[in-house]
Amino acid sequence: MTQKNTATHSHKRRRGISRAELPLHLMLIPGIVIIFIFHYIPLGGLVIAFQRFIPAKGLFGNQKWVGLQNFEYIFSMPNTMNVLTNTVVIAGAKIVLNLIIPITVALMLNELQSSKLKRTVQTVIYFPHFLSWIIFGSIIMDLLSPQNGIVNKLLGALGTDPIFFLGDNRYFRQTIIWTDIWKNFGYGTVVYMASITSIDPTLYEAAAIDGANRCQQTRHVTLPGMRMIIVLMMVLSLGNVLNAGFDQIYNMYSPIVYETGDIIDTMVYRLGMENAKYSPAAAVGIFKSVVSMVFISASYYVADRFFDYRLF
Amino acid sequence: MKRILTLALALCLSLILVTALAVDQHDKDYFDTQVQLLADNLQKFYEENYGEGDLVAPYDEPVEVTIVNYYNTNLETNMATWTDWWGETLENNRYVAAAEKALNIKIKYLWLKNDADKGYEKQLRLAITAGEIPDMFIVTNQNDLVQLAESGLIMPVDDVVDKYFTTWDKEIQSSDGGKLYEMAMYDGQCYGIPCNISDTDTFSYIWLRKDWMEKLNLEAPKTMDDLRNIMLAFKEAKLGGSENTYGMVIDKDLYYSTRGLFAGFGAYPEFWVEDENGGLVWGGTQENVKKALTYLNGLYNDGLLDKEFITQSNTDAKALMFNSQAGILYAGHWLAHDLQKLHDNDPESDWICVALPSETGAPVEQYLTPVKRGWIVINESYEHPEVAAKIRALCTFAAQGGICDGTWWFSNDQAQALEPFQASVSSWDNYNTYLNLLECYDKGGDTSVLRAKAITYWNNLTSGSSIWAWEHMFGNGETTPMVVLRDAIENERIHYDGFLGAQNEFMQDRWSVIKDEQLTAFTKIIIGEVGVEEGFADWLKTFDSMGGTQITRDVNEWYAQSQAMKE
């Protein structure tokens, strides 16, 4: 009898909403409504990926259904394999380097004694993150110009021939990847620095008493303390495996480096420039979403399995 | 007719004097007076000059019409001032007021959109998709127009044009030889009424640094070899001040900065041109292109082109001109505005614009694309299609009728963009304006002969901070772009792009990709990444494998039909 009572009680507690919690739940409603209106209802528009969509016929008008033709169209473009490779290589490199470099820098900054210096460095490296690619891109183009750019002037002083970073297929991808890191590693660094500050200082004291030097402290206290945030950032970034950075590449590429620099987004953009190609664009959108979902799910599974990280 | 016009003008001028004395320009009264003046003279004008007063008669009962329109940021900025002065707004502008006063038509804007980044086109497609179709509106994209016609949302306009449009407007609309009408054809009927603007903006001119040529005692180039020798001479003499003197300016999009150079070899890589069998062929695949590419490759190898051009937009590439590192450019006539900026910094710099040099020294032929603000289309279910004609007639009269303060309606800080259907002027407007200016020069600066845009241009030529630039474009000198243009027009060396039809599905899918491939292939040849012969053969293969041959067949099918219909 007592047992049954307890069971009903706990059952009630789990299922029902207490009077105190009610306002909190009500506060969720606007958010849910917005998500429903702006994220779920538009999903209906995905049908145009399977149509030859003509605006004049209306959204739910008598459009021609073409099955998977739009997907076939995108994949039948002569450069599609090339473009896919570029996308994955550039995006992949950005994901990996955008994890490793900010973590390293955060660890190094953490070792600085002067907090003034620490803050200055943090601000300086964070700054490019706030510039748009239109601006940052032209700064880069200036710096990397073969004739007048400071980089090539320096290389020239060392006796090297000028390198055309943005106009040579051998260097273009590297340039794209490293300039993106340059622009964004400051942001990651700030996030990791924040997670480092939240580590309990007594752990360091204990480690020091146990005789750990700075390296060992970093390895056994700091890194494990950052584990959660690292895994979170990784899971989130894996969704970007097909986002190689439209803004950046569109502002920095040119026909001569399509071979190594053209990505899915820029290709579709050019296809759509002349005619309103909503259908292939929607098809690419679906394709990218599906791939991203697979990657996010997989990485979430891995995170749960090996790092005990869980959102739900 | 001329006499009547002069009379009307004299009348107007005296009226201006009277009104100018009476009214402060920045007062609501000024606005009202102008509108009233237009209303009073509209019907009279068309009756006296064309006997067509009934076409612009006001309605007895007010007629309402819903429209949409686009504007640009400049206009928006100016509007802030005008709102201050006259309470004018984009939706409730001078033309809307005039239409109500003179024609009893109530124009209602459903929306207006800034056209930056094709904003209008996008917004319009959204509206159409949602089924919100105005009574009449401008369509800017040919495919959109054809799709609207195909879906039966707009009406055929042949009869409307015939019955309701004034002779003057019809003249303007077919000033390009009917090209824009032809572009708006679907299934044998015309669905869009053209709003023409000057077609000559795609005409390519060559600009040469005059002071450098004088320094080295050089003559204007006749042949492409001459041109190359001039470039070499500039470089040799290190006129750029250091090692970094280049021959000419070229950019990554290639065609704007080399259009005239290609034309010098009889090559037209952006147009469908007629071949010897009377059919159409894509200019980018013709043998002559190879000659131009060989030439450009030669310039590149001799260090006459900046190696960085492959990553530079035209704006970036022009830095060579601004830094006095290059003394030759192919560009539009408006380059003079940039040249003036250089002149302001370096008063010694001067430029001439001469006839394009060619391979053999023979005069160069050029191709143009019909340019338009769009087509007026009319909702299938709208009961008063003639409203389009009346509004159009009103705007044409306001802008170009010499009515009183003509510039207030037209060129005054781009007021013409307020017209409900955007400005519509002759396809040869720039050229006609030039002729009008010459007339004024001939009469020793008698400004009473000036009409419409020429009034503003004359002001620019005689006052303000950019006289230098205007003289280099529209002045009465012998080395201006307009002299070159006049020569080309008078000797019929200007042609139109051969293909004016709407793209079919196959072409829509492939064409932009093919053009991409062409640009990449040409760039690679110019910088010597592949040999000319090999690279060009590869490009022809790509053209074919991506459907270019199929497209050429389709285009020729259209062409045969269009030719047959003309006969």
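No value in this document is a laboratory result; all are computed from the given coordinates. The shown structure was predicted, so the numbers you read here are calculated from the model rather than taken from an experiment. Ideal geometry is used to build each Cβ from the backbone, glycine not excepted, and the neighbour counts take in all protein chains shown.
Evaluate the Debye formula for the range B:218-262 with equal point scatterers sitting on the alpha carbons, no solvent, and hand back log10 of I(q)/I(0) at q = 0.16, 0.22, 0.27, 0.29 Å⁻¹, in q order, two decimals.
Each listed q maps to, in turn, -0.50, -0.84, -0.99, -1.02.
Determine ³J(HN,Hα), in whole Hz, for all residues of the range B:344-360 in sequence, where each value follows from phi through the Karplus function 6.51 cos²θ - 1.76 cosθ + 1.60 and θ = phi - 60°; x replaces Gly and Pro.
4, 7, 9, x, 6, 5, 8, 9, 10, 10, 10, 4, 4, x, 9, 4, 9
For peptide B:514-520, how many partner chain Cβ atoms fall within 10 Å of a residue's Cβ, on average?
4
Non-local amide H neighbours of residue B:275 (under 5 Å, H modeled in plane, Pro and chain starts lacking H): which ones?
Amide H neighbours of residue B:275, under 5 Å, 5+ apart: B:280, B:281.
Using Cβ counts within 10 Å as a stand-in for footprinting exposure, how do A:254, B:465, B:174 rank, fewest first?
On the way: A:254 21, B:465 9, B:174 17.
Lowest count first: B:465, B:174, A:254.
Sum up the charges of everything whose Cβ sits under 13 Å from the Cβ of residue B:357, counting Lys and Arg as +1 and Asp and Glu as -1, but leave residue B:357 out.
-2
When the dipole is taken about the Cα centre of the range B:431-495, and only Lys, Arg (+1) and Asp, Glu (-1) are charged at their Cβ, what size is it in debye, to the nearest 20? Working shown, then result.
Values: 5 positive and 8 negative charges, 48 e Å.
Once rounded to the nearest 20, the dipole reads 220 debye.
Which of the peptides A:55-63, A:208-216, B:347-355, B:146-154 is most tightly packed, and how do the rest follow, judged by the mean count of other Cβ atoms within 10 Å per residue?
Details: A:55-63: 16.0, A:208-216: 10.9, B:347-355: 17.8, B:146-154: 20.4.
Going from most to least packed, we get B:146-154, B:347-355, A:55-63, A:208-216.
Under the definition of partner shielding as Cβ atoms of other protein chains within 10 Å of a residue Cβ, what is the mean value for peptide B:141-152? Show your work: numbers first, answer last.
Numbers: counts 3, 1, 6, 5, 1, 2, 5, 4, 1, 3, 7, 1.
So the per-residue partner count for this stretch is 3.
Size of the dipole of chain B about the Cα centre, Lys and Arg at +1 and Asp and Glu at -1 on the beta carbon, nothing else charged, in debye to 20?
Values: 44 positive and 87 negative charges, 145 e Å.
My answer is approximately 700 debye.
Sort the following peptides by mean Cβ neighbour count (other Cβ atoms within 10 Å, averaged over residues), highest first: A:74-80, A:157-163. Intermediate results must be reported in sequence, preceding the final value.
Working: A:74-80: 15.0, A:157-163: 10.4.
Per-residue Cβ counts within 10 Å, averaged per peptide and sorted highest first, yield A:74-80, A:157-163.
Can you give the local net charge around residue B:428? Use residues other than it whose beta-carbon is closer than 11 angstrom to its beta-carbon, Lys and Arg +1, Asp and Glu -1. Walk me through the numbers before you get to the answer.
Values: positive: B:486; negative: B:176, B:199, B:429.
After counting each charged neighbour, the total is -2.
What pairs in A:94/B:290; B:290/B:318; B:210/B:291; A:64/B:252; B:372/B:566; B:252/B:541 have C-alpha atoms more than 32 Å from each other?
Values: A:94/B:290 41 Å; B:290/B:318 26 Å; B:210/B:291 28 Å; A:64/B:252 38 Å; B:372/B:566 22 Å; B:252/B:541 23 Å.
From the list (A:94/B:290; B:290/B:318; B:210/B:291; A:64/B:252; B:372/B:566; B:252/B:541), the Cα-Cα distance tops 32 Å for A:94/B:290; A:64/B:252.
Expressed in whole Å with the largest first, what are the equivalent ellipsoid semi-axes of the range B:431-495 derived from the C-alpha gyration tensor as the square root of 5 times each eigenvalue?
Details: eigenvalues 86, 38, 19 Å².
Each semi-axis is the square root of five times an eigenvalue, giving 21, 14, 10 Å.
Please list, ordered by chain and number, the residues whose modelled amide H lies under 5 Å from the amide H of residue B:71; skip anything fewer than 5 residues away on the same chain.
Residues meeting the criterion, in which the H sits 1.01 Å from N, are B:113, B:114, B:115.
Kindly write out, for the range B:515-525 in residue order, the coupling ³J(HN,Hα) from the Karplus curve 6.51 cos²θ - 1.76 cosθ + 1.60 (θ = phi - 60°), rounded to whole Hz, with x marking Gly and Pro.
Taking θ as phi minus 60°, the curve returns 5, 4, 4, 4, 4, 4, 4, 5, 4, 4, 5 Hz for the range B:515-525.
Neighbouring Cβ atoms within 10 Å as the yardstick, rank A:304, B:442 fewest first.
Details: A:304 15, B:442 11.
Least crowded to most crowded, the residues run B:442, A:304.
Relative to the compact-globule scaling 2.2 N^0.38 Å, provide the ratio for the alpha-carbon radius of gyration of the protein assembly as shown. Spell out each step's value before the answer.
Numbers: Rg = 32.8 Å, N = 879, 2.2 N^0.38 = 28.9 Å.
Output field value: 1.13.
Over chain A, what relative contact order in percent results from Cα pairs under 8 Å that are six or more residues apart? Spell out each step's value before the answer.
Numbers: 281 pairs, mean separation 81.6, N = 312.
That works out to 26 percent.
Would you kindly derive the ³J(HN,Hα) couplings of the range B:429-439 from the backbone phi angles with the Karplus curve 6.51 cos²θ - 1.76 cosθ + 1.60 (θ = phi - 60°), listing them in order in whole Hz, with x for Gly and Pro?
Karplus values, whole Hz, x for Gly and Pro: 4, 4, 5, 4, 4, 4, 4, 4, 5, 4, 4.
By a straight-distance test (C-alpha under 14 Å), which aspartates and glutamates pair with residue B:28 as possible cross-link partners, with residues fewer than eight away in the same chain excluded?
Candidates past the 8-residue exclusion: B:84, B:88.
Can you tell me which aspartates and glutamates have their Cα less than 13 Å from the Cα of residue B:453? Leave out same-chain residues fewer than eight positions away.
Counting by Cα, and skipping residues close in sequence, residue B:453 has these aspartates and glutamates nearby: B:405, B:413, B:429.
Once you order the gyration tensor axes a ≥ b ≥ c over the Cα atoms, which shape class does chain B get: rounded for a/c under 1.5, otherwise prolate or oblate by comparing a/b with b/c? Could the numbers behind the result be given before it?
Numbers: a/c = 2.10, a/b = 1.36, b/c = 1.55.
Oblate, since a/c reaches 1.5 and b/c is not below a/b.
First check a/c for the range A:73-307, with a ≥ b ≥ c the square roots of the eigenvalues of its C-alpha gyration tensor; if it is under 1.5, answer rounded, and if not, answer prolate when a/b is larger than b/c or oblate otherwise. Can you show the working numbers first?
Numbers: a/c = 2.68, a/b = 1.43, b/c = 1.88.
It is oblate, given that a/c is not under 1.5 and a/b is not larger than b/c.
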